[in-house]
Amino acid sequence: MVFRLFTRPAPVVSEASLPDAAAIASLHQASFRHGWSKDEVERLLADRTVLAHRAVHNGMTVGFVLSRFAADEAEILSLAVAPSQRGKGIAGVLLDLHMRRLAGLKVRALFC
Ligand SMILES: CC(C)(COP(=O)(O)OP(=O)(O)OC[C@H]1O[C@@H](n2cnc3c(N)ncnc32)[C@H](O)[C@@H]1OP(=O)(O)O)[C@@H](O)C(=O)NCCC(=O)NCCS
């Protein structure tokens, strides 16, 4: 019988900020036809009505989610996971924390 003694560390999800702009832009460009530039992402991250989270795995940003909120509603602006990291539940973990933070901001409806 073989026991697995070491498991791979799970991605860590936390709020994204300006220093994450380049990594988020790179992920966005890898995921969408019209990729955002670093400047565009910086503008979004500096916007007080935008909430952003990122997932980091082995020191690399592997996913992000951004939404804009107003009153008790929010809209997902973008969500992406690095192509090589998809299908491992990373988007699910990102959205779980993101939606809990939105709920804490009194958001009751989320659109995408
Ligand atoms: C969509 C995306 C973010 C999913 O990321 P992921 O980390 O692979 O997703 P997860 O592994 O957490 O899967 C979460 C759930 O979504 C489902 N799912 C994943 N990709 C999906 C897709 N393209 N369409 C529909 N459902 C999808 C999974 O089956 C899973 O469902 P389950 O929990 O019932 O098994 C990723 O495929 C991606 O970056 N795609 C390109 C960008 C994009 O389309 N973004 C969404 C629109 S803004």
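Of the strands (runs of 3 or more DSSP E) lying entirely inside the chain, the ones with 2 or more residues being within 16 Å of the ligand (Cβ to nearest atom) and touching a Cys at 6+ places or on another chain (Cβ under 9 Å) are found at 73-81. In the condition set (1) surrounded by 13 or more Cβ atoms within 10 Å (Cβ to Cβ); (2) closer than 17 Å to Glu15 by Cβ; (3) out of contact with any Asp or Glu (no Cβ under 8 Å at 6 or more places or on another chain), Val81 is compliant with all but (2). Right, Val50: closer than 21 Å to Pro9 by Cβ and of a type in the set (Val, Ile, Thr) or not? Considered against the rule, which asks whether it is closer than 21 Å to Pro9 by Cβ and of a type in the set (Val, Ile, Thr), Val50 comes out as no. Among the residues making up the range 72-91, those that are farther than 21 Å from Ala46 by Cβ, more than 10 Å from the chain's Cα centre (by Cα) and not charged (D, E, K, R) are Ala82, Pro83, Ser84, Gln85, Gly87, Gly89. The set of residues in the range 20-67 that are among the charged types (D, E, K, R), open to solvent by 50 Å² or more (accessible area, probe 1.4 Å) and over 13 Å from the mean Cα position of the chain (by Cα) comprises Arg33, Lys38, Asp39, Glu40, Glu42, Arg43, Arg48. When the range 100-111 is limited to residues that are over 23 Å from Pro9 (Cα atoms) and under 14 Å from the mean Cα position of the chain (by Cα), the one that is surrounded by the fewest Cβ atoms within 10 Å (Cβ to Cβ) turns out to be Arg101.
The values are calculated or read from the model by the stated rules, or taken from the named source; none is laboratory data. This one's a predicted model, so the numbers in the text were calculated from it and none came from an experiment. Glycine also receives a Cβ, built like all others from the backbone with ideal geometry; neighbour counts cover every protein chain displayed. Only protein heavy atoms, including side chains, enter the accessible area calculation; ligands, DNA and RNA are left aside. Shrake-Rupley method; radii C 1.70, N 1.55, O 1.52, S 1.80 Å.
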